[in-house]
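Down below is the structure, laid out as structure tokens.
The values are calculated or read from the model by the stated rules, or taken from the named source; none is laboratory data. Being a predicted model, the structure only gives us computed values, none of them experimental. Positions of Cβ are generated from backbone atoms using ideal geometry, with glycine treated the same way; all protein chains shown enter the neighbour counts. Just so you know, the surface numbers come from the protein's heavy atoms only, side chains and all, with ligands and any DNA or RNA stripped out. Shrake-Rupley method; radii C 1.70, N 1.55, O 1.52, S 1.80 Å.
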Amino acid sequence: MSEKIKAPRGTFDVLPEQQGVRRRIAETARALLEGAGYGRLDTPVFEETELFARGVGESTEVVQKQMFSFSDQGGRELTLRPEGTASACRAYIEHGMQKRPQPVKLWYEGPFFRHERPQAGRYRQFHQIGAEAIGSDSPLVDAELIVLAWDLVTELGVEGVRLGLGSLGSPAARAAYLDELRTHMRSREGELSAEVRERIELNPLRAFDSADEGTRAVMADAPRLLDRLDAADAEHFEQVRALLDRAGVPYEVDATMVRGLDYYTRTVFELHCDRLGAQSQVGGGGRYDGLIEQLGGPPTPANGWALGIDRLALALGEPEEPPRVEVFIVAEPDARERALTLAIELRRAGISADLDLAERSHKGQMKQADRSGAARAVLLGEGAARVRDMSSGETAEVDLGGLVDRLREAPAGGGEGA
Ligand code: HAM
């Protein structure tokens, strides 16, 4: 036998019985977002590498280490999208959406790709639902988006979710703050872990997440970005907080929140679920007021978030369930072709139906009818049919000609015998 081929490391198949929870997540998100005026945007799963290098940021781990990049037959440098915000901005610019009423509100759903070390909740192909509102710097937008993310996880029934909220201010305030932070860290360099010491220049903020005891002591005394915001940014943050309070959304201010992507300005937030292990972040987002301009568009403030569908599904932990039909047709050997005709008629009439396609015995077909979850079975014999209520076991003789109408009259779960 030839060697078996497996799905690539960090990827997985979603089997039919695993689709239910994902469908519910996607459908709940669609209804919520479209009900708030967000329109669906689909973009290609690969883009020019330059888009992410410029959009996500050259110094981020995503761009430095995690991109699936390749050149195509025409020598173009392409990358499987590691996130959706850069693509949404590219589409906004490419389609001249600045001429539409602002903000333009978009949502998306689909697979994303990052070459990370796989573990529970962290994959190389994962799935996100995202929302972006491009073209307004009003704190109303920040609040609308955060409330939508909160309401989505609440409506889905995800338990143990915490919302962390912060503000990164403007790039200028952040740069001045980073200098101050570096000076503080250098003044106590000896107490820092070697790893943190090496990253003082590149990414000092990461030190706030360190588990090293010495580093933690240094960082506990470090200045906080939230205390260094300029007046306009601090006021913006206050307004976002007041709007969230008004909407009854609980949050914790996180003065040292570090997001993994470079484009954020002002408001940032993350949703963490304490039912998940190390990969507890079910969603995150924030403002990215400089990104559209960085990608060649006009100066345009924007804001958005993405939630991980795989992590939401893990957190919900719903039991697997095979697909179900309303009616299962069990046929005697001489009625097999008629069974297929009947299934086709039922489906065309809007009644979901399935049948044996492997010429099983009567007993085998009954077992299949049971497994199909159908509320009713049609037992098809020569010139005659009986309808069996699968829960009560009650059976009634039915005239063949009126079968479809009869089944239409009493939909699954309702009426007859029940
Ligand atoms: P992100 O925080 O990188 O943000 O990803 C958002 C969510 O995607 C995470 O909270 C997590 O649930 C999920 N996720 C990320 N990487 C993985 C992975 N390797 N395996 C499984 N799930 C994963 C963004 O992507 C931004 N584009 C969000 C945004 C939109 N900001 C503004 N607008």
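Quick look at the numbers
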{"item": "Selection from Leu340, Thr183, Thr49 lying farthest towards where the dipole of the chain points positive, charges on Cβ", "result": "Leu340"}
{"item": "The chain: translational diffusion in µm²/s, Stokes-Einstein, Kirkwood Rh over Cα pairs, 4 °C, 1.567 mPa s", "result": "52 µm²/s"}
{"item": "Projected area averaged over orientations for the stretch 300-418, convex hull of C-alpha atoms, nm²", "result": "11.7 nm²"}
{"item": "Accessible surface, per residue, of the chain when the full set of protein chains is kept, probe 1.4 Å, Å²", "result": "50 Å²"}
{"item": "Area of Met390 that stays accessible when all protein chains are in place (1.4 Å probe, Å², to 10)", "result": "40 Å²"}
{"item": "Contact order relative to length of the chain, as percent, for alpha carbon pairs under 8 angstrom and 6 or more apart", "result": "16 percent"}
{"item": "Inter-site label distance for Arg406 and Asp13 at 7 Å from Cα along Cβ, in nm", "result": "4.0 nm"}
{"item": "Alpha-carbon centroid distance for the pair the stretch 141-171 / the stretch 181-208, whole angstrom", "result": "30 Å"}
{"item": "Normalised contact order of the stretch 264-418, rounded percent, pairs of Cα under 8 Å and 6 or more residues apart", "result": "16 percent"}
{"item": "Point-charge dipole on Cβ atoms (K/R +1, D/E -1) for the stretch 286-414, about Cα centre, debye to 20", "result": "80 debye"}
{"item": "Difference of contour (0.36 nm per residue) and Cα-Cα distance, Asp370 to His115", "result": "87.5 nm"}
{"item": "Relative contact order for the stretch 109-150, counting Cα pairs under 8 Å that sit 6 or more residues apart, in percent", "result": "31 percent"}
{"item": "Computed [θ] at 222 nm, helices only, for the chain once each DSSP H run of length n ≥ 4 contributes -39500 (n - 2.57)", "result": "-10500 deg cm²/dmol"}
{"item": "With DNA, RNA and ligands ignored, accessible area of Val147 (1.4 Å probe; Å², nearest 10)", "result": "30 Å²"}
{"item": "Antiparallel content of DSSP bridges confined to the chain, in %, to 5", "result": "80 percent"}
{"item": "Among Pro171, Ala86, Tyr264 - extreme Cα towards positive end, dipole of the chain, charges at beta-carbon", "result": "Ala86"}
{"item": "Percent carbon-and-sulfur accessible area, the chain, ignoring ligands, DNA and RNA, probe 1.4 Å", "result": "48 percent"}
{"item": "Distant-in-sequence amide H partners of Val398 (H built 1.01 Å from N, under 5 Å)", "result": "Ala385, Arg386, Val387"}
{"item": "Largest-first ordering by accessible area, 1.4 Å probe, given options Arg206, Arg259", "result": "Arg206, Arg259"}
{"item": "Antiparallel DSSP beta bridges within the stretch 296-389, as percent of all bridges there, nearest 5", "result": "45 percent"}
{"item": "Label-point separation, Glu195 to Ser138 (7 Å along Cα→Cβ), nm", "result": "4.4 nm"}
{"item": "Positive dipole terminus of the stretch 305-410, leading residue within Gly381, Ala349, Leu403 (C-beta point charges)", "result": "Ala349"}
{"item": "Per DSSP, loop trypsin sites (Lys or Arg not before Pro) in the stretch 31-88 with at most 14 further Cβ within 10 Å", "result": "Arg76"}
{"item": "Test item: Cα-centred dipole of the chain, Lys/Arg +1 and Asp/Glu -1 on Cβ, debye", "result": "480 debye"}
{"item": "log₁₀ of I(q)/I(0) at q = 0.13, 0.26, 0.27 Å⁻¹ - the stretch 201-265, Debye sum with one point per alpha carbon", "result": "-0.49, -1.22, -1.24"}
{"item": "In nm, spacing of pseudo-spin labels at Asp42 and Ala242 (7 Å Cα→C-beta vector)", "result": "4.3 nm"}
{"item": "Accessible area in the full protein assembly, largest first, 1.4 Å probe, for Ser352, Ser392", "result": "Ser392, Ser352"}
{"item": "Cα-derived Rg to Rh of the stretch 85-148, Kirkwood definition", "result": "1.08"}
{"item": "Dipole moment magnitude, nearest 20 debye, the stretch 187-287 about Cα centre, only Lys, Arg, Asp, Glu C-beta charged", "result": "300 debye"}
